Amino acid sequence: EIVMTQSPATLSVSPGERVTLSCRASQSVGFNLAWYQHKPGQAPRLLIYGASTTAIGVPDRFSGSGSGTEFTLTISSLQSEDFGVYYCQQYNNWLTFGPGTKVGIK
Amino acid sequence: EVQLVESGGVLVQPGGSLRLSCAASGFIFDDYAMHWVRQAPGKGLEWVAGITWNSGNIQYADSVKGRITISRDNAKSFLYLQMSALRAEDTAFYYCAKAAYESSAWIESWGQGTRVTVSS
């Protein structure tokens, strides 16, 4: 079983700031890594797949990088609507989600 | 437009059973793998089970293995989750999810979810 970890668990950020979220896999998943945003009362939203490909309709302030076991999601300039929990997910061997990073707005 | 509509979530006693359904529309259902993902109160997303386009490959999370069965009816465009021997820790919002391809891939679309509560 592939175990995913994320850091930090929570952070509070001011609008306009750059945000970097980290995700680590217990074994290599290649580029088979996706990122999702989840807000209360809503279905999760796909942001990134293939570690670095931005999904349709996702603002270009969101970007992903990494491969193997280390991945990063960057929000270049945080907007107020970007609050929520961000999950990484590997799909190299079925699916595993990370525990999430909760992003709050200062 | 892809639509995934879950149903079947109820209040059920520990040890009980129930079946969740997911009605899919807006895409060619049998071209894609499908998954169930859940979120317990105050917890993160947890993948529960997945099924490839032709039901040829099925997998479950260790936490539900032996108690849950995922299935699909491609003729009706329905996904199912049969749950038995339910425990309090199965209390969660259950999401039906469409993969990007016929086999292992990221989740492209999500339903709005259905609530399952296991309590006496």
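On the Cα set of the protein assembly as shown, report Rg and Dmax in Å, please.
That works out to 17.2, 50 Å for Rg and Dmax.
Using the C-alpha atoms of the stretch B:1-119, what convex hull volume per residue, in cubic angstrom, is computed?
Numbers: hull volume 10.7 nm³, N = 119.
Expressed per residue, the convex hull around the Cα atoms of the stretch B:1-119 is 90 Å³.
Taking only the C-alpha atoms, wrap a convex hull around chain A and report its volume per residue in Å³ as a whole number.
Measuring per residue, one finds 88 Å³ for the Cα hull of chain A.
Could you rank the peptides B:88-97, A:13-22, A:39-48 by their average count of other C-beta atoms within 10 Å per residue, with the highest value first?
Top of the packing list down: B:88-97, A:39-48, A:13-22.
For the stretch B:1-61, what log10 I(q)/I(0) values come out of the Debye formula at q = 0.27 1/Å, with one point per alpha carbon and no solvent?
Here the Debye-derived log intensity ratios amount to -1.29.
Just add up the charged neighbours of A:LEU78: K/R +1, D/E -1, any other residue whose Cβ is under 10 Å from the Cβ of A:LEU78.
Neighbourhood net charge equals 0.
Give the average, rounded to an integer, of partner chain Cβ atoms located within 10 angstrom of each Cβ in B:100-107.
6
Read-outs: derived from the displayed coordinates by stated rules, not from any lab. Values in this document were obtained by computation on a predicted structure and should not be read as measured data. All Cβ positions, glycine included, derive from the backbone under ideal geometry; neighbour counts span all protein chains shown.
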